[in-house]
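Inspection log for the structure reproduced underneath, given as structure tokens.
Rule-based calculations on the coordinates, nothing more; no lab input. All of these numbers come straight from a predicted model, not from anything done at the bench. When we count neighbours, we look across all protein chains shown, and the Cβ atoms used for this are built from the backbone with ideal geometry, even at glycine.
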Amino acid sequence: MVSVLLPKRLRQDFCNVYAFCRIADDLGDEVGDKTLAAEYLAAFRRQLAECYQGHANTAVFVALTETIRRHDIPMKPFDDLIRAFEQDQTVVRYESFEQVVDYCTRSADPVGRLVLYMCGHRDEERQRLSDRICTALQLINFWQDVRRDILERDRIYLPRIDMERFGVSETQLREGRVTEGYKELIRFQVERTERLFDEGEPLLKKLEPSYRKQIALFLKGGRAVCAAVRRQGFDTLSRRPRLSRWQKGRLISS
């Protein structure tokens, strides 16, 4: 999330927000017990509320308090992120694409909005464009990690309606059996995701050059993962599509 592409004045604030996101993510995914994870996340949400009441009691919230004050950041995007991780403890299957996108409004879109707040932007237009990019980034991560999600976390983000349409079963995902139906299913999802990137790209022209490159890197990275999935013929079960160090380096230098 934080790189040398950012102006120095924003780097510590980005680090503070990243620390919050990292802890919340780990509480949701690394505890290994859904009941306990839900309790930890509820406690973390209470700490967030105390932070906004002027009673930060832990290092991460003490640091975050300064970032919140400096950029006048509302509590909602932080709260939404925690609620997304809480949702992961109880919802592990999705009926429709609309339900998956609704989840992304809490799991992904708040990150972009936090970035915009730190960059000094509060308008609805930029937030709307940012939401498209962030949702797309979350979606391509889902399509990239289908097998890992089901095997390690018993989660399926592929919509059930779409799985049925292309003749793909949960058993097939667990076994890692690649069929033409599965490839067409992933093609369908990747094309949806690429359209969201297209819709969000006008955001770049509405940002100051001093931090445009950092935001552009997120977009380029997401598009590069889409391209990696295409190069594998939309087979994300046999192996996880990923970018090499050389490819990542090209993204930064381009």
Which of Lys205, Lys34, Lys76 moves the most in a Gaussian network model of the chain with Cα springs under 10 Å?
Lys205
Cα gyration tensor category, rounded, prolate or oblate, for the range 106-254 with a/c compared to 1.5:
prolate
Sequence-distant or interchain residues sharing an amide H contact under 5 Å with Cys119, placed H: which?
none
Given (1) 19.2; (2) 21.7; (3) 18.7, the label whose value is Kirkwood radius over Cα pairs in Å derived from this model:
(1)
In deg cm²/dmol and to the nearest 500, what is the mean residue ellipticity at 222 nm of the chain if only DSSP H runs of at least 4 residues count, each as -39500 (n - 2.57), divided by the residue total?
-23000 deg cm²/dmol
How far, in degrees from 0 to 90, does helix 109-118 lean away from the longest principal axis of the Cα atoms of the chain, to the nearest 10?
30
Does the range 198-247 come out rounded, prolate or oblate, given a ≥ b ≥ c as the square roots of the eigenvalues of its C-alpha gyration tensor, rounded meaning a/c under 1.5 and, failing that, prolate meaning a/b above b/c?
prolate
If you fit an axis through the alpha-carbon atoms of helix 97-107 and take the longest principal axis of the Cα set of the chain, what angle between them do you get, 0 to 90°, nearest 10?
30
When the chain is treated as a Gaussian network with springs between alpha carbons less than 10 Å apart, the largest mean-square fluctuation among Ser107, Ser210, Ser130 is found at Ser210
When the chain is treated as a GNM, springs tying every alpha-carbon pair under 10 Å, which of Gly28, Gly176, Gly112 comes out with the largest mean-square fluctuation?
Gly176
By how many degrees, between 0 and 90 and to the nearest 10, does the Cα long axis of helix 59-71 differ from the longest principal axis of the chain?
80
Using a Cα-Cα cut-off of under 14 Å, which aspartates and glutamates could be cross-linked to Lys206, ignoring same-chain neighbours fewer than 8 residues away?
Asp123, Glu124, Glu125
Difference of contour (0.36 nm per residue) and Cα-Cα distance, Arg231 to Arg177
17.6 nm
To the nearest 0.05, the calculated FRET efficiency linking Asp102 and Arg9 through their beta-carbon distance, R0 being 45 Å, is 0.80
Förster-model FRET efficiency, 25 Å R0, Arg148 and Asp198, C-beta, rounded to 0.05
0.35
